[in-house]
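Asker: Below is a structure I'd like to ask you about.
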Amino acid sequence: MTAKTSILLVDDDAEITELLGEYLTRFNYEVHCASDGPSMREQLRRHNVDLVVLDIMLPGADGLMLAREIRRQTRTPIIMLTARTSTLDRILGLENGADDYMSKPFEPRELVARIQSVLRRSQGPQPEEAVASSEVVVFDGWELHRNLRTLVSPTGLVVALSNAEFRLLNTFLSTPRRLLSRDQLMEQARGRAMDAFERSIDLLVSRLRHKLADDSREVSMIKTIRGAGYMFNVQSVQGRVAWRA
C-alpha cells in the first residue's frame, strides 16, 4: 500500500484542529495535531511529517519562532494559517520560512488545494531519478547540490534553502548574466501563477541575496537592473543546471 501523506496541524484552537483534521482525512491525508511548541516537537519526533499547517498566535513560542526552528532542521513545507492578515505578517511569514500563507477565516477546500500545490512544488526526485539528478553546480566558489537542495559556501558552510529559494537560484543558474524580469522569475521559479502573497519576488530575491552574501556586506552576485528586473552576475557556472520539475 502507498503511505498516506502526513499533515501536522499546529493550532491551540482544539475545535479548528478537530474539524480540519476530520476534513483532511476525507482526502486521504494522515493528520496529526499539536497545540504548542512542545507538542509540535513531539509529533515531529514521532511521525514522518510531509507538511506543517502552522498558526502564528500560539502559547509560548509563536508560530514564527517555530517556523524558523522547523526550517533550521528540515525542508518540510510550511503553510501559515492565521488570523493575522496584515502585509507585514505575510512578509514575516515568508521571511521565517513559510511556503504559503492563508488567513482565517478560511475555506477548507482552498487549504486542501494549497496543500496539494505546496507538496507538488516541494517534491524532490524519485529514488530511481536521484542518481541522474545528483550533479553539483559550481558557481564562483559556491556549490549547489541539486539532489539535496542544499547550498555550500566557499568556506564550506552549508546553507539551507527553502523550496522557493532553491527554485529561484536554479532559475538564475540556468540563465547566468541574462536579464530576467520579475514576471519571468515568478513564472520560472514557481512554475505557476502566484497569488497576492507570492508576488513579492523582490523579497524572495532579498532572502536569496542574504544567504549568498556570506560574511560580506557588498553583494553583487544578483544585480538589480532598475525598472527591468535582475541579472545573476557570476563569472562562471559549471555543471548541468537544467531544472527538472
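The values are calculated or read from the model by the stated rules, or taken from the named source; none is laboratory data. Worth saying up front: this structure is predicted, and the values here are computed from it rather than measured. Heads up, the Cβs are rebuilt from the backbone with ideal geometry, glycines too, and the neighbour counts pull from every protein chain shown.
Asker: In segment 30-70, which residues are in a strand (DSSP E or B) and surrounded by 18 or more Cβ atoms within 10 Å (Cβ to Cβ)? I'd like the intermediate steps shown before the answer.
Answerer: Filtering segment 30-70 down to residues in a strand (DSSP E or B) leaves 30-34, 51-54.
Passing the criteria: 31, 32, 33, 34, 51, 52, 53, 54.
Asker: How many residues, within segment 85-113, are under 27 Å from residue 209 (Cα atoms), touching a residue at least 24 places away in the same chain (Cβ under 8 Å) and not aliphatic (A, V, I, L, M)? Lay out the reasoning, then the answer.
Answerer: First, the residues of segment 85-113 that are under 27 Å from residue 209 (Cα atoms): 85-102.
Those left that are additionally touching a residue at least 24 places away in the same chain (Cβ under 8 Å): 89-101.
Subset that is not aliphatic (A, V, I, L, M): 89-90, 93, 95-97, 99-101.
The number of residues fulfilling the criteria is 9.
Asker: On to the next question. Name the one entry in 90, 120 that is surrounded by 13 or more Cβ atoms within 10 Å (Cβ to Cβ) and of a type in the set (Lys, Arg).
Answerer: Testing whether each residue is surrounded by 13 or more Cβ atoms within 10 Å (Cβ to Cβ) and of a type in the set (Lys, Arg) leaves just 90.
Asker: Something else: Can you confirm whether residue 214 is at pLDDT below 65, closer than 16 Å to residue 139 by Cα and not assigned by TED's automatic domain parsing to the domain that holds residue 99?
Answerer: On the way: at pLDDT below 65: yes; closer than 16 Å to residue 139 by Cα: yes; not assigned by TED's automatic domain parsing to the domain that holds residue 99: yes.
Criteria met by residue 214.
Asker: With the requirement that a residue be modelled with pLDDT of 80 or more, part of a loop (DSSP other than H, G, I, E, B) and within 17 Å of residue 138 (Cβ to Cβ), what does segment 228-245 give you? Can you show your working first?
Answerer: Step one: of segment 228-245, the residues modelled with pLDDT of 80 or more are 228-234.
Cutting the leftovers down to part of a loop (DSSP other than H, G, I, E, B) gives us 228, 233-234.
Residues satisfying the conditions are 233, 234.
Asker: Sticking with this structure for a sec: State all residues of segment 59-68 that are more than 21 Å from residue 23 (Cβ to Cβ) and either free of Cβ contacts under 8 Å to residues at least 12 places away in the same chain or touching a strand residue (DSSP E or B) at 6+ places or on another chain (Cβ under 8 Å) (or both); if no residue qualifies, say none.
Answerer: We begin by selecting, within segment 59-68, every residue more than 21 Å from residue 23 (Cβ to Cβ); these are 59-62, 64-68.
Within segment 59-68, 62, 66, 67 qualify.
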